[in-house]
1. From the phi angles alone, apply the Karplus equation (6.51, -1.76, 1.60; θ = phi - 60°) to the range 228-236 and give each ³J(HN,Hα) in whole Hz, x where the residue is Gly or Pro.
2. Tell me, Val89, Val203 in order of fewest to most beta-carbon neighbours within 10 Å?
3. Provide the net charge surrounding Leu166, with neighbours chosen by a C-beta distance below 14 Å and charges set as Lys +1, Arg +1, Asp -1, Glu -1.
4. When the chain is fully extended, how far beyond the present Cα-Cα distance does Asp273 get from Gln90, taking 0.36 nm per residue of separation?
5. Need the C-alpha centroid separation for the range 263-296 versus the range 179-219, integer Å.
6. Where a ≥ b ≥ c are the square roots of the eigenvalues of the C-alpha gyration tensor, would you call the range 133-303 rounded, which needs a/c under 1.5, or, failing that, prolate if a/b is larger than b/c, or oblate?
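Rule-based calculations on the coordinates, nothing more; no lab input. Keep in mind it's a predicted model, so treat the numbers as computed, not measured. Cβ sites come from the backbone with ideal geometry, for glycine too, and all protein chains shown count toward neighbours.
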Amino acid sequence: MASVLIRLAGLLVLFSLTASCTNTNRPSEGGFYSYIDAQGNLVTLKREPEPEAEPVDKQTIAANQRKRLAELDADSLGEPGEYQTDEQVQQRIDELERDRFITYTDASGYQITEPVDVVAARKAKAEESAIYRPFTEGISGYVERVEGVPERCCDEPLKGAAELKLGMEALLSFDRPWQWVSMPKRHPATAIRLAQGTVALRVQTFFGGRGYLHPQVAFLDKNGVPILLIDNVFTRQYPETWIKHGYLEGELPVEPGSVWAVFYLSYAGESRDGRPELIAGEYLWAEPSVPLSLKGELLVRALRIPADPTPGD
């Protein structure tokens, strides 16, 4: 019987503790409350009554709102707001863009942080124009002449020629393994197959440490027979800048009926050991400040629209 009474007392104490915990989140009117601490001791404390909240006066709140609305009279509404013009907004944006930095790792492995003036860079790019000089000053249009070439002059480079798709670019390499055309002399060459609809080619050659390539172009029909030769493919010369080497550029209209375009170096012949060698001579189209090269790459792009008859205008 005693054991039963002890368990009952324990339940009563647990019930009183649970009731005290559930009431802790309500406003208290004071009194005493008990709890058991971490050591198992029963602790009893006195709770002070909480002050009553002041009653909310809805009439006072409404009066304050009417007072604030009354302050927005005609004079205050007529005052101009703090608006900014487009120029002021752009000036603020420019100020923020000037306060920028770029972080990179240099060749020695050190991390470098430098300020970047985005506004100055954008202004310089906007003021930059396509500055070039005509590569063939004093010459307008084409100079036509007749030259006899073998019918099967270009069979060798056609064997491995890839098709250049419309709007795409290709790097044409003059390097090992060498390919040759016979005009009738042997010259190093490379070729592309023209995609249907190609009406013009844009050709670029860059000035490098070994000089530059200045090829001639032969357009061939579907049977590989030449129908047109072009000696000088460049019309514009661009100076060197901080982002690229100087280069020559030209746009060539594709001869109707052309299926192949063969680029060859008429100023280079074949040496006894089967490598290109420079053919001595005077080339009127050559750039005097840069030597002609025997190795390198051309950048060729297939165009959908006719070439500009007056490049740069």
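1. Using θ = phi - 60°, the values come out as 7, 10, 10, 6, 10, 9, 10, 10, 10 Hz.
2. Ordered from fewest to most neighbouring Cβ atoms within 10 Å, Val89, Val203 come out as Val89, Val203.
3. +3
4. So the extension gain works out to 59.3 nm.
5. The two parts, judged by their Cα centres, are 13 Å apart.
6. Since a/c stays below 1.5, the shape of the range 133-303 is classed as rounded.
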